[in-house]
Amino acid sequence: MSQKYQLAQVNIARAKAPMDDPLMRGFVEQLEPINRLAENSPGFVWRLQTDEGDATSIKLFDDERIIVNMSVWESFEALKNYVYSGEHLAVLRNKKSWMGKLDSPSLALWWVPHGHIPTPESAKLALAMLEEKGPSPAAFTFTKPYPAAHLSDTPGVSEQGLQPAVFEVG
């Protein structure tokens, strides 16, 4: 029997400069290898990307310097193992060299039905819900995870994932 849910994640960051600025060179040079590492990691399912192979040009927010990373994984453990080990951890440790601090959540995790690819709008909704309500079964963090069990009983979540009509975020 296959899993009923997979884990979606979004993380955003505000670049200290445009991607073509020399300050961002170290970050930009690591994009392709880190994306390839993710794709080859156990439990990886999908990631948001343009035809160029990354998501840095996708603008989900009014601030032009906010970059978006979004992916789907087979399990919470698979994503956590990727994020907090090896080459990705080294990039994460250097994040302050290239990215400024945000005043709102920069990471949200949520369960999606197996085989469902979440939209950037659902990622934006997950971040907004996390900011408004804190961690919940509908949107959570690594430090306060929620299991997918009984997710269909969670208000605002259905077999199609997060439902914007239920969570009106101002």
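Every number in this text was worked out from the coordinates using simple rules, so none of it is lab data. All values reported here derive from a predicted model rather than from experimental measurement. We place every Cβ from the backbone using ideal geometry, glycine too, and count neighbours over all the protein chains shown.
Here region 58-144 has an Rg and Dmax of 13.5, 36 Å, counting Cα atoms alone. The tail of the calculated P(r) for region 1-137 beyond 24 Å holds 28 percent of all Cα-Cα pairs.
Express the relative contact order of region 5-162 as a whole percentage, based on alpha carbon pairs under 8 Å and six or more residues apart in sequence. About 29 percent, as a whole number.
For every other residue with a beta carbon closer than 11 angstrom to the beta carbon of residue 28, add +1 if it is Lys or Arg and -1 if Asp or Glu, then tell me the sum.
Residues near residue 28 contribute -4 overall.
In the structure shown, the pairs 4/144; 4/95; 59/133; 4/96 are assessed against 27 Å; a Cα-Cα span above that value is assigned to 4/95; 4/96. The listed peptides 39-45, 134-140, 111-117, 51-57, ordered by packing as a protection proxy, come out as 134-140, 111-117, 39-45, 51-57 (highest mean of other Cβ atoms within 10 Å first). Residue 80 sits among other residues whose Cβ lies under 14 Å from its own Cβ, and their net charge, with Lys and Arg +1 and Asp and Glu -1, is -1. Under the simplified labelling scheme, the residue 21-residue 57 pair shows an inter-label distance of 2.0 nm, with each label point 7 Å from Cα along Cα→Cβ.
Electrostatic tally near residue 41: other residues with Cβ closer than 14 Å to its Cβ, Lys and Arg +1, Asp and Glu -1, net -1.
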